[in-house]
Amino acid sequence: MKKKVLSLLLCSMMVMGTLVGCGSSSSSDGGTSDGGSDSGDTITVGFSQVGAESDWRTANTASMKETFSEDNGYTLIFDDAQQKQENQITAIRNFIQQEVDYIVLAPVTETGWDTVLQEAKDAGIPVIIVDRMVDVSDDSLYTAWVGSDFRAEGNKACEWLNSFAEAKGIAASDLNIVDIQGTIGASAQIGRTEGLNDAVKKYGWNLVAQQTGEFTQAKGQEVMESLLKQNDNINVVYCENDNEAFGAIDALEAAGYTVGDDIANGEVMVMSFDSTNAGLTDVLSGKITVNTECNPLHGPRVEEIIKKLEAGEDVDQLQYVDESIFAVDDTVTSVEAETSLGDTSKYDVTVVTQDVIDGRAY
Ligand code: GYE
């Protein structure tokens with residue numbers, strides 16, 4: 001394989017005997033079961049996954065495992081970092097030692113990758129970033145990124161809220177919003193939080209509190225419980241993923257609130273991101289009012305990049321996935337929102353029905 005050859009060339013260019021790992025004979029000493037990158041037609045992929053914090057993540061892991069299966073010609077070395085960057089750095093170093101053909105990284109946060117990605121580059125192993133982005137000083141440290149436009153997601157959700165409030169005759173200053181943020185420093189958090197912060201300024205909404213729920217149901221519930229103890233005027237909960245929304249809904253209901261879109265009559269509106277099956281089921285029942293899609297099915301997208309690289313073709317370095325927005329009803333039929341690329345796109349709002357949920361893969 002090209003990268004293998006490149007890697008060996010780089011190794012042979014190093015001063016003899018100084019580079020531990022380059023000389024090791026095969027991936028068989030690195031724990032892979034079937035010889036990995038040494039077998040002629042098998043491509044070895046080391047995938048460092050963030051963790052298993054959400055339904056989105058579960059769907060993402062399943063997509064990667066289904067795609068990079070032995071039947072499809074791959075040896076996948078999967079590492080679950082349990083939401084810790086240091087575990088991801090260790091995993092990447094192990095992949096380098098194992099001389100994988102490709103490193104795929106779903107980074108927990110954006111910063112802190114320069115050193116280890118330089119090590120991968122020095123070893124001649126292409127790195128593909130998936131889902132969240134990395135913020136590195138040298139863009140040549142990764143070959144390609146594929147994921148969502150998180151900033152556009154935040155903008156879409158907020159444009160929806162603004163149009164909804166206008167349609168219902170709710171004054172901007174009467175929207176008392178709490179933001180249960182994702183993992184701080186993750187692109188998904190940064191984009192969704194920035195979208196809200198900008199809309200708060202633009203429309204004059206009241207941002208009551210902003211606190212991380214770490215993209216988990218348990219933390220989402222805990223944060224909502226504490227916010228309800230400190231504030232009695234909350235009427236919109238902006239949850240940065242579905243699992244936080246599930247936790248927030250539990251906390252709201254346990255505290256005696258009714259979740260729903262009838263803000264004028266005391267209901268608390270829950271907004272969410274991801275649009276997983278469970279998230280859309282809560283839209284169907286009215287517990288979540290609006291859910292902005294974030295597509296986790298990246299396995300085939302990463303594979304397409306690898307296939308192109310194998311064929312010696314160029315790949316676009318940044319690849320954004322198209323995404324939609326779902327709501328409980330058609331109060332707002334479409335939104336116009338700015339993307340990260342600076343253009344404005346129109347997105348039709350899909351009203352959730354059981355057929356919509358049944359027709360989706362995650
Ligand atoms: O929204 C959340 C997950 O990075 C897009 O991570 C991903 C986010 C997703 O934990 O549910």
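Taken together, the values in this text are just the output of simple stated rules run on the coordinates, not laboratory data. Just so it is clear, the structure is predicted and the values come from calculations on it, not from any experiment. Cβ atoms come from the backbone with ideal geometry, glycine included; neighbour counts cover every protein chain shown.
Per-structure values
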{"item": "³J(HN,Hα) computed for each position of segment 176-193 - Karplus, 6.51 cos²θ - 1.76 cosθ + 1.60, integer Hz, glycine/proline x", "result": "10, 10, 10, 10, 8, 7, x, 4, 5, x, 7, 3, 5, 6, 4, x, 6, 5"}
{"item": "Span from the segment 91-151 Cα centroid across to the segment 313-330 one, whole angstrom", "result": "21 Å"}
{"item": "Positive-end residue, segment 241-362 charge dipole about Cα centroid, Cβ charges, pick of Thr353, Thr281, Tyr320", "result": "Thr281"}
{"item": "Given Lys121/Lys219; Lys201/Lys229; Lys219/Lys287; Lys202/Lys229; Lys219/Lys308; Lys65/Lys308, the pairs whose alpha carbons are separated by over 30 Å", "result": "Lys121/Lys219; Lys219/Lys308"}
{"item": "Exposure proxy order (Cβ contacts within 10 Å, fewest to most) of Phe47, Phe273", "result": "Phe47, Phe273"}
{"item": "Derived scalar couplings ³J(HN,Hα) [segment 136-143; Karplus, 6.51 cos²θ - 1.76 cosθ + 1.60; whole Hz; x for Gly, Pro]", "result": "10, 6, 10, 5, 6, 6, 9, 7"}
{"item": "Relative contact order (%) - criterion: Cα under 8 Å, at least six apart; region: the chain", "result": "15 percent"}
{"item": "Global geometry of the chain, whether rounded, prolate or oblate, following the gyration tensor of its Cα atoms and the 1.5 cut on a/c", "result": "prolate"}
{"item": "Cα→Cβ-extended label distance, 7 Å offset, between Glu110 and Ile170, nm", "result": "2.9 nm"}
{"item": "Cα gyration tensor shape of segment 141-190, rounded if a/c is under 1.5, else prolate or oblate by comparing a/b with b/c", "result": "oblate"}
